Amino acid sequence: MDIIVRESYDELSKYSAKLIARLVKSKPDCVLGLATGSTPIGTYKELVRMHKEEGLDFSQVKTFNLDEYYGIGIDLDKPYELDQSYARFMHEELFKHINIKKENIHIPDGLTKKPDEYCKWYEEEIKKAGGIDLQLLGIGGDGHWAFNEPGSSLASRTRIQALAQQTLDDNYESFYKKAGIDRANMPHFAITMGIGTILEAKNIIMLANGIKKADVVAKCIEGPVTSQITASAIQLHSGGITVVLDKDAASKLNGLHHYMHVEKLKQEYGF
Ligand code: PGA
């Protein structure tokens, strides 16, 4: 596991965007797994800049998003702040600014009437695309990946999941409060890729920033692997793993000095 610590959110975002861009350049028809939330916004901004200023080409890239709220769908007639769908988030933060083909974008359909069949189909589509080359992830305040809330099996697949109270509280603070949306009207369920699904991605980048994430990041990376912190499944992944943190989110890692030393050595020796 490569643990990269950067001074600021801006630097973290540039680092993760560079990793994604490197894959897009070396494998133009790569499959990206994408995440929503406040953490990846800077990464998407940087990818948009690279597309506009440096011609980073997404024309053959396929994407699969981790999750979507259940019971809501994108509504482009609404102002962005009142459309809380993750499909809208991706449209506004990334897709509308780059040359990705609409048919190459996959986001779970929060309005599906047959969720079980739909979730199986989503898994099949990932397989048909050849699997996810690089999965971008944040980490929730309760240690979740996507909406795999505490207690989710570490072998779980795409399914409907009830949101934990902490997730509802975090989402309310980050998004709904600003939009003047009442807690009662927040979605309480989501369709989410499972931990087992995520672990099949060939490479993983996990991002976290801010002091609020410091405890959960330390538990995820250095604590036991547990379904109570589903992101701790990162310790079971067999491919390339890069964790990119700002210095606040990294501040509670016991091995911080060691990780920084390893990064320096790898740079020096060109690994
Ligand atoms: P955040 O959410 O980026 O808004 O902190 C992270 C997550 O829930 O995965």
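The values are calculated or read from the model by the stated rules, or taken from the named source; none is laboratory data. Everything numeric in this text was worked out from a predicted model, so none of it was measured. Neighbour counts run over all protein chains shown; Cβ positions are idealised from the backbone, glycine included. Protein only, heavy atoms only, side chains kept; ligands, DNA and RNA dropped before computing areas. Shrake-Rupley method; radii C 1.70, N 1.55, O 1.52, S 1.80 Å.
Label the chain by shape, choosing from rounded, prolate and oblate, from the square roots a ≥ b ≥ c of the eigenvalues of the Cα gyration tensor; if a/c is under 1.5 it is rounded, and otherwise prolate applies when a/b is larger than b/c, oblate when it is not.
Rounded, since a/c falls under 1.5.
I need to check one value: relative contact order of the chain, counting alpha carbon pairs closer than 8 Å and at least 6 residues apart, in percent.
Once normalised by length, the contact order is 24 percent.
Just from its helices, what would the mean residue ellipticity at 222 nm be for the chain, if runs of 4 or more DSSP H residues each count -39500 (n - 2.57) and the sum is divided by every residue, rounded to the nearest 500 deg cm²/dmol?
That calculation yields -10000 deg cm²/dmol at 222 nm.
Around Asp170, what is the net charge, scoring Lys/Arg as +1 and Asp/Glu as -1 over all other residues with Cβ under 10 Å from its Cβ?
Net charge in that neighbourhood comes out at -2.
Tell me, what is the per residue accessible area of the stretch 2-269 in Å², probe radius 1.4 Å?
46
Could you tell me the distance between the Cα centroids of the stretch 1-71 and the stretch 218-271, to the nearest Å?
Spelled out, the Cα-based centre of one part sits 19 Å from the other.
Going toward the positive end of the dipole of the stretch 2-269, with +1 on Lys and Arg Cβ and -1 on Asp and Glu Cβ, which of His237, Pro187, Ser251 do you reach last?
After comparing all options, I get His237.
Just to be sure I understand: of the beta bridges DSSP finds with both ends in the chain, what percent are antiparallel, rounded to 5?
DSSP beta bridges in the chain are roughly 25 percent antiparallel.
Using 7 Å Cα-to-Cβ label points, what is the Arg49/Lys114 separation (nm, one decimal)?
Output for this residue pair reads 4.6 nm.
Using modelled amide H (1.01 Å from N, peptide plane; none on Pro or chain starts), what sits under 5 Å from the amide H of Val243, excluding residues fewer than 5 places away?
Asp2, Ile3, Ile4, Met206
Once you have a ≥ b ≥ c as the square roots of the Cα gyration tensor eigenvalues for the stretch 148-220, tell me rounded if a/c is under 1.5, and otherwise prolate or oblate according to whether a/b is larger than b/c.
oblate
For Phe58, what accessible surface area do you get with a 1.4 Å probe? Give it in Å², rounded to 10.
Taking all protein chains as shown, Phe58 has close to 0 Å².
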